[in-house]
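Below: the structure, in structure tokens.
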Amino acid sequence: MRQRLVVGNWKMHGSRDSVHALLTDLVAAPAPGGVGVAVCPTYLHIHQALSLCAGSAVAVGAQDCSAQEEGAFTGEVAAAMLADAGCQWVIIGHSERRQYHAESDALVAAKLAAALGAGLQPILCVGETREQREAGDAQGVVAAQLKGALGELVSAPGLVVAYEPVWAIGTGLTATPGEAQSMHAFIRGELDGLAGLDGDTTRVLYGGSVKADNAGELFAQQDIDGALVGGASLKAADFQAIVNAAA
Ligand code: PEP
């Protein structure tokens, strides 16, 4: 039985006041049983988030980490620092990192190894662009991303995969439940044998313009275990409605 999981990716949003308001509301909301909940603020707001979420069912993660352990890497944050701060999760290979920071599959693989080495649970993002889908290459792209990230790893305890079609992120376009289900089932098949993973027990989240009004039909698909949520995670009521839909 795979536990449902809903993760908020706050991207580069937030101030001390807005983080306080959002998490105060979220932590006070009744936590539905059987659903894991996490938020991923900016590095700057992680400490504040950890203190506001302490003792609650809401876990905290980061949006990225360095592939390096430590040293002269200006601007970077090591996975071990995130674990030391109290983070449980880290998003790796988000399409915005791949697109705007030229993160290759090799770099994603190195970050994944660093995260696992530090005891963090990585959320590995994969997904195709609109052009790749239209060219009939969606599965090939996703398979290559999975292999590129996981191919050299012996094990990946606690790893979660997020299928995020790039064309659906922040656009208001969502994969139909059928399109998402079909890719999730494909991902499970691809995961078998990679990094010692079992496709049936590994959680696979959907991400891409998930909102309160489309979450229910996505979560009704048998291979969708929850969501990685961007825009709709910035309002407590909207995010909570998605969490409730996962219950
Ligand atoms: C994301 O950033 O991972 C995401 C899915 O964003 P949005 O929900 O805004 O499309």
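Just so it is clear, none of the values below were taken in a lab; they were calculated from the coordinates. The structure displayed is predicted, hence computed values, not measured ones. Virtual Cβ from ideal backbone geometry, glycine too; neighbours counted across all protein chains shown.
Remind me, what semi-axes does region 1-91 give for its equivalent ellipsoid, largest first in whole Å, using sqrt of 5 times each Cα gyration tensor eigenvalue?
Numbers: eigenvalues 114, 52, 22 Å².
So the three semi-axes of region 1-91 are 24, 16, 10 Å.
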Listed by chain and number, the lysines with an alpha carbon less than 17 angstrom from that of residue 111, same-chain partners under 8 positions apart left out, are 147
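State the three equivalent ellipsoid semi-axes of the chain, derived from the C-alpha gyration tensor as the square roots of 5 times its eigenvalues, in descending order and whole Å.
Working: eigenvalues 122, 102, 55 Å².
Working from the Cα gyration tensor, I get semi-axes of 25, 23, 17 Å.
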Quick calc of log₁₀ I(q)/I(0), region 104-176, Debye, one scatterer on every Cα, no solvent, q values 0.26 1/Å, result -1.15
On each of the three principal axes the extent of the alpha-carbon atoms of region 39-159, given in whole Å and largest first, is 47, 29, 28
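So how strong a dipole does the chain carry about its Cα centre when Lys and Arg Cβ are +1 and Asp and Glu Cβ are -1, to the nearest 20 debye? Don't jump to the answer; show the numbers that get you there.
Numbers: 14 positive and 26 negative charges, 92 e Å.
Roughly 440 debye, rounded to the nearest 20.
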Taking the square root of 5λ for each eigenvalue of the C-alpha gyration tensor of region 134-198, the equivalent ellipsoid has semi-axes, largest first and in whole angstrom, of 23, 12, 11
For region 1-50, inverting the pair-averaged 1/r of distinct alpha-carbon atoms gives a Kirkwood value in Å of 11.9
What helix-only [θ] at 222 nm does the chain give? Using -39500 (n - 2.57) per DSSP H run of at least 4, over all residues, to the nearest 500, the answer is -11500 deg cm²/dmol
Sorting 30, 12, 78 by the position of each Cα along the dipole of region 6-80 (Lys, Arg +1; Asp, Glu -1; all at Cβ), the one nearest the positive end of that ordering is 30
Expressed as a whole-number percentage, the relative contact order of the chain with C-alpha contacts under 8 angstrom and at least six residues apart is 22
Sorted by chain and then number, the residues having a modelled amide H within less than 5 Å of the amide H of residue 77, at least 5 places away or on another chain, are 66
Sorted largest first, the C-alpha extents of region 154-247 along its principal axes in whole angstrom are 39, 23, 21
With +1 on the Cβ of every Lys and Arg and -1 on the Cβ of every Asp and Glu, the dipole magnitude of region 123-247 about its Cα centre, in debye rounded to the nearest 20, is 300
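How do 124, 191 rank when sorted from fewest to most other Cβ atoms within 10 Å of their own Cβ? Write out the running numbers ahead of the final one.
Numbers: 124 27, 191 21.
Listed from fewest to most nearby Cβ atoms, that is 191, 124.
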